[in-house]
Amino acid sequence: MADYEIPQELRYSIEDEWVRHDEDRFVIGVTDFAQQQLGDIVFVELPKLGARLVRGDPFGVIESVKAVSDLFAPVSGTVVELNEQLEDAPEMVNADCFGEGWILALEAADDSGFEELLDANAYQAHVQEREE
Amino acid sequence: MSLRRTPLYDAHVALGGRMVEFAGFDMPVQYGSILEEHAAVRERVGLFDVSHMGQIHLSGPKAVEAAERLVSCPVASLRVGRVRYGLLCNEEGGVVDDVTVYRVADDALFLCVNAANIEKDYRWLVRHAPAEAGVRNRSDETGLLALQGPASGDVLAAVGAGAAAELKRFAFASLEVAGVAALVSRTGYTGSAGFEIYAEAGDCAAVFSALLDKGEALGLRPAGLGARDTLRLEAALPLYGHELDDTTSPLEAGLGRFVKREAGGFIGAEAIERRAAAPAVRQLAGFELEGRGVARAGYPILESADEGAREVGTVTSGAPSPTLGKSIGLGYVPPALAELGGSLTISIRGRGVQARVVATPFVVAGR
């Protein structure tokens with residue numbers, strides 16, 4: 001099996017996004033497994049600032065050389081910051097998916113959606129299931 | 001239905017290839033990065049398994065006559081040891097398949113055909129060739145590797161087939177490659193210099209591994225179907241099922257130079273001329289995207305960027321061009337919109353993105 005980084009301190013959605021709880025907001029990106037599966041990322045289509053995302057609904061698109069994939073909101077909330085760097089450098093998602101390649105930040109009314117996300121161990125199992 | 005495998009399936013898996021379905025075969029789309037595999041071919045050399053492609057042989061005193069009637073390019077004038085690109089057309093002037101014709105001997109030739117069309121082509125050839133033309137489908141017994149890129153001749157020299165360097169473009173010869181009897185042809189589907197190597201299916205793994213081994217020092221990388229597609233698109237080479245199908249005229253696709261229009265005499269010739277005499281309905285155009293995004297196959301081409309603009313065409317292929325660093329594509333549009341420098345609007349998930357009609361090939365690599 002290939003090697004995937006799955007940081008312990010993050011939470012994960014089954015659609016392969018990671019979420020970090022930063023005080024009053026949630027920072028979102030795609031996982032190492034997802035970026036490896038996608039391959040060379042050439043385009044990220046982001047929502048607008050202030051957009052309302054609903055957990056489980058598509059909010060944007062990530063494109064590799066070969067494929068177009070939807071991004072699904074891992075939690076509900078309002079977009080308060082976008083990683084505008086991705087417009088000119090979408091390959092940051094490949095290079096540093098948990099750092100410089102983050103996608104956006106949300107503000108949520110409560111933590112309930114976050115609490116229901118997978119922890120690192122559960123996400124690891126979710127990845128392994130699909131690898132086999 | 002289970003997927004078919006080429007003789008190199010195990011080698012692909014061992015190399016970490018990501019396997020996907022293509023034309024009923026389980027094929028590597030990439031081993032690592034498509035962009036790096038693409039660059040390896042343009043700058044050094046890449047090695048592709050294209051054993052999924054088919055080879056249909058015609059032999060006997062009627063073989064050449066039969067092929068002349070079946071393909072759009074001249075066959076009788078094709079010298080032994082030479083290859084021509086042509087089209088198998090139907091009676092309506094549509095394209096059954098696009099093929100390369102190899103003149104093996106005075107009375108023997110074979111067609112290299114698309115994997116998705118092997119059965120269709122074979123039935124078409126059997127139906128339209130006289131019994132004396134001995135049609136045989138040797139696709140399963142034949143393996144095919146494509147060694148593409150400026151250093152491809154050096155790699156062949158390193159496995160004892162240096163004589164390949166003497167081949168002219170679209171010429172082939174029987175050579176030993178890594179000690180295996182093979183047919184080496186100076187052809188390809190990438191727009192870069194290169195060779196295609198036909199060998200018996202059972203010998204293919206040995207040739208593949210020798211090329212990988214000796215090629216490593218020359219910068220060789222195994223390359224998958226992902227890079228093959230971006231390379232052929234930069235070269236504006238058509239892909240059956242995208243730019244060509246049973247209803248497309250070769251002239252609409254810009255392939256008139258592969259059609260013996262004066263001589264005629266092949267199936268579909270009259271229909272092609274009839275369609276050529278009528279006002280053209282559509283023309284294949286190459287475009288570069290001016291806005292952001294990727295224009296994918298199937299996306300609508302709109303008359304303008306205005307709301308409610310009429311759909312006037314369809315993208316047939318599109319991808320980011322790794323060489324140019326911008327999005328390129330091919331699509332059918334009304335001839336008036338296919339003029340060089342003209343403006344098109346591509347609908348990308350409902351968003352109108354501007355594109356400009358440009359000359360093809362998009363990229364001219366050294367051949």
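The values are calculated or read from the model by the stated rules, or taken from the named source; none is laboratory data. Since the structure is predicted, the reported quantities are computational estimates derived from the model, not experimental observations. Positions of Cβ are generated from backbone atoms using ideal geometry, with glycine treated the same way; all protein chains shown enter the neighbour counts.
Details
- Residue within segment B:305-321 that is in contact (Cβ under 8 Å) with a residue 24 or more places away in the chain, of a type in the set (Gly, Ala, Ser), not assigned by TED's automatic domain parsing to the domain that holds B:Glu37 and not in a strand (DSSP E or B) present: yes
- When each of B:Val333, B:Val357 is tested for being under 26 Å from the mean Cα position of the chain (by Cα), under 27 Å from B:Ser72 (Cβ atoms) and surrounded by 21 or more Cβ atoms within 10 Å (Cβ to Cβ), the lone residue that passes is B:Val333.
- When B:Gly153, B:Gly191 are screened for being on the phi > 0 side of the Ramachandran plot and outside any strand (DSSP E or B), only B:Gly191 passes.
- Condition check for B:Gly256: surrounded by fewer than 18 Cβ atoms within 10 Å (Cβ to Cβ) and at pLDDT 95 or above: yes
- Condition check for A:Val75: more than 10 Å from chain B (Cβ to nearest Cβ), touching a Lys or Arg at 6+ places or on another chain (Cβ under 7 Å) and either surrounded by 18 or more Cβ atoms within 10 Å (Cβ to Cβ) or in contact (Cβ under 8 Å) with a residue 60 or more places away in the chain (or both): yes
- Scanning segment A:34-58 for residues that are crowded, with 20+ Cβ neighbours inside 10 Å and either within 13 Å of chain B (Cβ to nearest Cβ) or in a loop (DSSP other than H, G, I, E, B) (or both) returns A:Gln35, A:Leu38, A:Gly39, A:Asp40, A:Ile41, A:Val42, A:Val44, A:Glu45.
- Every residue from segment B:289-309 that is more than 10 Å from every other protein chain (Cβ to nearest Cβ), more than 25 Å from the chain's Cα centre (by Cα) and within 15 Å of B:Gln354 (Cα to Cα): B:Glu290, B:Gly291, B:Leu302, B:Glu303, B:Ser304, B:Ala305, B:Asp306, B:Glu307, B:Ala309
- Hey, B:Val75 farther than 30 Å from B:Thr323 by Cβ, aliphatic (A, V, I, L, M), crowded, with 19+ Cβ neighbours inside 10 Å and out of contact with any Phe, Trp or Tyr (no Cβ under 7 Å at 6 or more places or on another chain) or not: yes
- Filter result for the condition that a residue is farther than 30 Å from B:Ala227 by Cα, of a type in the set (Ser, Thr, Tyr) and in contact with a helix residue (DSSP H, G or I) (Cβ under 9 Å, 6 or more places away or on another chain), over A:Tyr12, A:Tyr4: A:Tyr12
- Selected residue [touching a residue at least 40 places away in the same chain (Cβ under 8 Å), in contact with a Phe, Trp or Tyr (Cβ under 8 Å, 6 or more places away or on another chain) and charged (D, E, K, R)] from B:Arg82, B:Arg5: B:Arg82
Residue-wise test of (1) in contact (Cβ under 8 Å) with a residue 40 or more places away in the chain; (2) within 30 Å of B:Val45 (Cα to Cα).
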position: B:Ala223; (1), (2): yes, yes
position: B:Asp229; (1), (2): yes, yes
position: B:Arg232; (1), (2): yes, yes
position: B:Ala236; (1), (2): yes, yes
position: B:Pro250; (1), (2): yes, no
position: B:Glu262; (1), (2): no, no
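- Flag if B:Ala116 is at pLDDT below 95 and out of contact with any helix residue (DSSP H, G or I) (no Cβ under 7 Å at 6 or more places or on another chain): no
- Residue in segment B:217-231 that is among the hydrophobic types (A, V, I, L, M, F, W, C), within 29 Å of B:Ala67 (Cα to Cα), crowded, with 24+ Cβ neighbours inside 10 Å and touching a strand residue (DSSP E or B) at 6+ places or on another chain (Cβ under 9 Å) present: no
- Count of segment B:1-17 residues, restricted to those that are crowded, with 20+ Cβ neighbours inside 10 Å and either within 14 Å of chain A (Cβ to nearest Cβ) or among the aliphatic types (A, V, I, L, M) (or both), is 2.
- Number of the condition not met by B:Ile301 [criteria: (1) surrounded by fewer than 17 Cβ atoms within 10 Å (Cβ to Cβ); (2) in a strand (DSSP E or B)]: (1)
- Meets criteria (assigned to a helix (DSSP H, G or I) and farther than 23 Å from A:Glu9 by Cβ) for A:Glu63: no
- All conditions in (1) within 15 Å of the chain's Cα centre (by Cα); (2) at pLDDT below 95; (3) closer than 17 Å to A:Glu9 by Cβ hold for A:Asp96, with the sole exception of (2).
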